[in-house]
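Okay, so here's the structure we're looking at.
The values are calculated or read from the model by the stated rules, or taken from the named source; none is laboratory data. All of these numbers come straight from a predicted model, not from anything done at the bench. We place every Cβ from the backbone using ideal geometry, glycine too, and count neighbours over all the protein chains shown.
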Amino acid sequence: MVRVLATGTFELLHPGHLLFLEEAKRLGDELFVIIGRDVNVKKQKRTPIIPEEQRLKMVSALRMVDKAMLGSEKDMYDPLYSIKPDIVAIGYDQDFDEDKLERGLRERGFQSKVIRIKKQNSNAFCKVEEIIRLMSELKLKSGSELESEPGEE
């Protein structure tokens, strides 16, 4: 059994996430997914919109995912000791240096191969930051339309 590990925030689940997880699953027999903890997402990106427990529940429900779990709040490598992945799949846009990640794995006794999934979905709404930006623009636009409605004072 080849165990594949994928990680991410998986906020505002979209087709790009599905493509990433489908491609990761194709690399082996079992797909484990680690969901980024709220505290770590705040440090690296921004305050999450969707709480970690809800993101975990959504990813766990996906058919290609065999097991999903929350990551460690302190050390990203901690959950790997129970998973023992053969492959660590990273997304095309995830901020990881493959060589550095592989060295970190080796230093902790893992022989996991790091594979970057290069396939991506170019459709609209396949990047969380873009979705948030578009939603903000729509909110601003609808707010300004309400302010300028004729006949209202």
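Can you pull out the residues in the range 13-41 that are in contact with a helix residue (DSSP H, G or I) (Cβ under 6 Å, 6 or more places away or on another chain) and over 21 Å from SER82 (Cα atoms)?
Start the filter on the range 13-41 by keeping residues that are in contact with a helix residue (DSSP H, G or I) (Cβ under 6 Å, 6 or more places away or on another chain), which leaves 13, 31-33, 35, 37-38.
Selection gives LEU13, ASP38.
Could you list all residues from the range 78-108 that are of a type in the set (D, E, K, R), surrounded by 17 or more Cβ atoms within 10 Å (Cβ to Cβ) and part of a loop (DSSP other than H, G, I, E, B)? Within the range 78-108, ASP86 is the sole residue that qualifies.
Quick grid of which residues meet (1) surrounded by 20 or more Cβ atoms within 10 Å (Cβ to Cβ); (2) modelled with pLDDT under 95; (3) in a helix (DSSP H, G or I):
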residue: LEU12; (1), (2), (3): no, yes, no
residue: LEU18; (1), (2), (3): no, yes, yes
residue: VAL33; (1), (2), (3): yes, no, no
residue: ILE50; (1), (2), (3): no, yes, no
residue: GLU53; (1), (2), (3): no, no, yes
residue: ARG63; (1), (2), (3): no, no, no
residue: ALA68; (1), (2), (3): yes, no, no
